[in-house]
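The values are calculated or read from the model by the stated rules, or taken from the named source; none is laboratory data. Please read all numbers here as calculations on a predicted model, not as lab measurements. Positions of Cβ are backbone-derived with ideal geometry, glycine not excepted, and every protein chain shown enters the neighbour counts.
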Amino acid sequence: MNITDTTTGKASDPIDIGRIALMLNDLRLPAIKTNWPEIAARADKEGWPAARFLAAIIEHEIAERARRRFERHLEEARLRSGKTFATFDFTAVPMVSKAQVMALAAGDTWLDKGANIILLGPPGGGKSHLAAALGFALIENGWRVLFARTTDLVQKLQIARSELHLENALAKLDKYHLLILDDFAYVTKDQAETSVLFELIGARYERRSLLITANQPFGAWEKIFPDYAMTLAAVDRLVHHATILEMNVESYRRRDAIERKHDADRQLAKDKAEVSS
């Protein structure tokens, strides 16, 4: 391949395309490897200066790396599919400020400080949906997130403890800027579970953030932690640097079921009227 010298209009010495590909492999620049011939052809045609050509191929590499990083972090986050802000009905939870939630989605004002978010409310009020939507937005903004049912994560930590690897398991969770513990109040009142859950809270305190969804107010958390002193200590650590959003609304699943029944009744009445006529 001949490269044209844009200053003289003359063809320069032939370029070994294969060698360029090998060098870009060694430098781990796959996007540049893929896109540079096309960008170089355009640069030759339009007479770009070298600095513009260099900036263009670097921008492609950065954009591709960001895309791959987002896909990797989204896969590891294990978020519930389809649960984004686009599918969340803020009008159904008027006590939650959309502007406040969108500000939290940036992450930089609280994740750097290891602050927490706690979503409280009865089942079916959209807590898990909002938690997953917030997690998705944070991943878009470059943060690492893990979504887990609290009972599932506690069981894994119990296994790690039995195998004398609990410290390592907790350390591995440190790579996530935000750990979402869904259905926090469903943890079985078992001393071993309570203990590892308390250790998880303590390990992340003022270092890494937690987002908790719970269908019981703090006053009922003694049902989660049988030891009253442990309950107080856990709540104290969680709320010390926390944004608490109460979502005390009727279950959207119940509302949806009622609406479907009304639709079915109206359709049945319409069908009967048409038959009678």
**Message:** Here is a list: I58, I39. Which entry is in a helix (DSSP H, G or I), touching a residue at least 24 places away in the same chain (Cβ under 8 Å), surrounded by 12 or more Cβ atoms within 10 Å (Cβ to Cβ) and not assigned by TED's automatic domain parsing to the domain that holds D182?
**Reply:** I58
**Message:** For a quick check of your reading of the model, give me the residue pairs whose first member lies in the stretch 144-167 and is assigned by TED's automatic domain parsing to the domain that holds Y186, whose second is surrounded by fewer than 19 Cβ atoms within 10 Å (Cβ to Cβ) and polar (S, T, N, Q), with beta-carbon atoms closer than 9 Å and at least 6 apart or on different chains.
**Reply:** T151/T188; V154/T188; Q158/S195; A160/N168; R161/S195; L166/Q158
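Each row is one residue, and each column tells you yes or no for (1) of a type in the set (A, V, I, L, M); (2) within 18 Å of I212 (Cβ to Cβ).
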{"position": "E75", "(1), (2)": "no, no"}
{"position": "L79", "(1), (2)": "yes, yes"}
{"position": "T87", "(1), (2)": "no, no"}
{"position": "A99", "(1), (2)": "yes, no"}
{"position": "G124", "(1), (2)": "no, yes"}
{"position": "S128", "(1), (2)": "no, yes"}
{"position": "A133", "(1), (2)": "yes, yes"}
{"position": "L138", "(1), (2)": "yes, yes"}
**Message:** Residues that are part of a loop (DSSP other than H, G, I, E, B) and in the same structural domain as R144 (by TED's automatic domain parsing): does the stretch 194-204 have at least one?
**Reply:** no
**Fill in**
Given (1) in a helix (DSSP H, G or I); (2) at pLDDT 90 or above; (3) surrounded by 12 or more Cβ atoms within 10 Å (Cβ to Cβ); (4) of a type in the set (K, R), R65 misses just (2)
**Prompt:** Residues of the stretch 139-192 being under 15 Å from E76 (Cα atoms), of a type in the set (D, E) and not in a helix (DSSP H, G or I), which ones?
**Reply:** D174
**Item:** Residues located in the stretch 83-120, provided they are small (G, A, S) and within 14 Å of A137 (Cβ to Cβ)
**Value:** A86, A99, A103, A105, A106, G107
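So is G124 of a type outside the set (A, V, I, L, M) and either closer than 30 Å to L29 by Cβ or outside the structural domain of D183 (by TED's automatic domain parsing) (or both) or not?
Values: of a type outside the set (A, V, I, L, M): yes; either closer than 30 Å to L29 by Cβ or outside the structural domain of D183 (by TED's automatic domain parsing) (or both): no.
Considered against the rule, which asks whether it is of a type outside the set (A, V, I, L, M) and either closer than 30 Å to L29 by Cβ or outside the structural domain of D183 (by TED's automatic domain parsing) (or both), G124 comes out as no.
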**Asked** Quick one: would you say I118 is within 27 Å of R72 (Cβ to Cβ) and crowded, with 20+ Cβ neighbours inside 10 Å?
**Response** no
**Item:** Residue that is surrounded by the fewest Cβ atoms within 10 Å (Cβ to Cβ) [pool: residues in the stretch 68-88 that are over 30 Å from L24 (Cα atoms), among the charged types (D, E, K, R) and modelled with pLDDT of 95 or more]
**Value:** R78
